[in-house]
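The values are calculated or read from the model by the stated rules, or taken from the named source; none is laboratory data. What you see is a predicted model, and the numbers here were worked out from it, not measured in a lab. A quick note on method: Cβ atoms are made from the backbone with ideal geometry, for glycine too, and the neighbour counts reach across all protein chains shown. Surface areas here come from the heavy atoms of the whole protein model, side chains and all, with no ligands, DNA or RNA. Shrake-Rupley method; radii C 1.70, N 1.55, O 1.52, S 1.80 Å.
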Amino acid sequence: MRACLIISNVIAPLALLALSTHAGAQPASPTPPAPEVLRVTRTADDSGEGSLRWAIERNNASPGRFRIEIAPDGPAPYVIKPASALPPIKGPVTIEGMAWKQSGDFVAIDGAGYIEDKGPQTCPGAVAGQFGTNIRTTTLPGFALVDTQGVDISGLEIRNFCIGVLIHRSSGNVIHDNRVVANRGGAGVMLTGDDGSGNPTPTTTIHNKVLRNEFLDNGDGLELTRGAAFNLVAGNVFRSTGANPEPSQGIEILLGHDNVLIGNRFENYSDGVQINGGNRNFIANNTFTGNTFGLSLSGAGNVIAGNTIFGNAVGIAVRPSPGMTVARLSRNLIFDNGRAIERCFAGGSCDPNLRRGAIVFGLPGLEHERYVGKRGIGVNPPPASLTKICPDGAPNCQAAPNRGLAAPTLERVRRSAAQLSVQGRLRATPRSRFTVEVFGNRDKGSGEGETFLGEAAVTTDADGVGTFALTVDAPGVTPASFTATATSSDGATSELGAPVALSE
């Protein structure tokens, strides 16, 4: 029941925003004429009528006029293997694999028809000598949406490309209800504002939606990079298995801002979600399991709320960064982490001495001298360019993230009838306001945050000391241990404090 309340608290503001948007809408314009249908009835790759290439080429001659329905003749399975790169798609247009709605079968678009398997060097990056996942690239996509808008793709299995779907300086597109499999160079789906020289182009890759897709064994499941902003990624599954040669990230956000990730599942990656210098992203109601790092965070103003994070080596890794990493961690359910998972493909960690647990500050990323792992094929930064983490290289080092905010101390937790009484103290910045969140755990020695119990506001005095007390409804089974975090008024959250048992 409490988990349902958390989800409602996260989703309700989004619903209200949608309602307010419609409330001020103007009277509807006349309904545009229905698009003409281009039917793909053959799996052969040529420009003859009925082929996928023919349909894309004809659509591109008059964008907005057509709808492409892919329904090859004969029984499933349906596999289209392009013999060369398909033309970039010009929108608006809907492209739909028709069998999916009728039988659940996907029409496969398979890059193995022209992309030669060269092992780790199959997919080249934009920088000479670099290959594979987690490098800058827009190479060899299956579907390319470049400088366009309004493309809707569904009902397809998109596999064996370097990038399954490339959304490049394009907005208002929807990728939904597909299987995206074994695209191992860039990502299953890549949203990027890359200007061609590696710089972001703001406001060019916005308001795209990636919904209800299954991502399987892609190097990165999805990327939001170099200016990708205000995009929605919801209801997807990102899963890596032992067949994946480079299990990097479920989602990487690199210089991407104000994106929403909600209701997704991330399994068996180096990082479930990795944020590198991305700001104000909202990550809520997702599940992270089997990853080295469930989430790996840098950047400012990112909000991690109401997620379920279990069975990882580290639940949430909050990393130092050139500025100051500031991440709000609120009402997440974090338990059974600390696993011995050493996966480090451009993320995560293969350090046998890694500090594991629920929320861990100061773990090194790829840009740090102490990172233990792979930085990408052909990525060999000069050692002098790698930064240090304080206090190792003080004074020329990166300070602790979230301003090193100390966790609160729980002093006593007592049960009275159907309630729990919690008391504690916090030492932090003088004359400042904080929010303390209290969690319970089934295991007596657990220092994680399995069940959110309640929160209290705390104000510190002139010496930086604040005390708090709160009473919360006791769950049906009283937790065996209790922990707490503190969050400052500017949205920086501490690690979890040391666990305490129920007082007699």
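For segment 200-255, how many residues are outside any strand (DSSP E or B), among the small types (G, A, S) and over 17 Å from R169 (Cα atoms)?
Keep residues of segment 200-255 that are outside any strand (DSSP E or B), which gives 200-205, 207-208, 212-213, 217-221, 226-228, 230-231, 235-236, 240-248, 255.
Among the residues that remain, those that are also among the small types (G, A, S) are: 219, 221, 227-228, 235, 240, 242-243, 248.
With the extra rule that they be over 17 Å from R169 (Cα atoms), the set shrinks to 219, 221, 235, 240, 242-243, 248.
So the count comes out to 7.
Scan (1) surrounded by 15 or more Cβ atoms within 10 Å (Cβ to Cβ); (2) hydrophobic (A, V, I, L, M, F, W, C); (3) over 28 Å from the mean Cα position of the chain (by Cα) for the single condition I389 breaks and write down its number.
Of the numbered conditions (1) surrounded by 15 or more Cβ atoms within 10 Å (Cβ to Cβ); (2) hydrophobic (A, V, I, L, M, F, W, C); (3) over 28 Å from the mean Cα position of the chain (by Cα), the odd one out for I389 is (3).
Output the strands (runs of 3 or more DSSP E) that fall wholly within segment 441-496 and possess 3 or more residues being open to solvent by 40 Å² or more (accessible area, probe 1.4 Å), in contact (Cβ under 8 Å) with a residue 12 or more places away in the chain and closer than 19 Å to R425 by Cα, or say none.
On the way: elements: 451-459, 465-473, 481-488.
So the answer is 451-459, 465-473.
Quick one: how many residues across segment 288-307 are part of a strand (DSSP E or B), of a type in the set (V, I, T) and crowded, with 24+ Cβ neighbours inside 10 Å? Write out each step before concluding.
Step one: list which residues in segment 288-307 are part of a strand (DSSP E or B), which gives 288-289, 293-297, 300-305.
Filter again for of a type in the set (V, I, T), leaving 289, 303-304.
Still in the list and also crowded, with 24+ Cβ neighbours inside 10 Å: 304.
Summing the residues that are part of a strand (DSSP E or B), of a type in the set (V, I, T) and crowded, with 24+ Cβ neighbours inside 10 Å in segment 288-307 gives 1.
May I ask you to list the residues in segment 256-276 that are assigned to a loop (DSSP other than H, G, I, E, B) and open to solvent by 30 Å² or more (accessible area, probe 1.4 Å)?
D258, G263, N268
State which residue pairs qualify: first residue under 12 Å from T137 (Cα atoms) and in contact (Cβ under 8 Å) with a residue 40 or more places away in the chain and inside segment 176-204, second residue of a type in the set (S, T, N, Q) and open to solvent by 40 Å² or more (accessible area, probe 1.4 Å) in any location, beta carbons under 9 Å apart, and separation of 6 or more residues or different chains.
R184/N160; G186/T138; M190/T138; T192/T138; D194/T138
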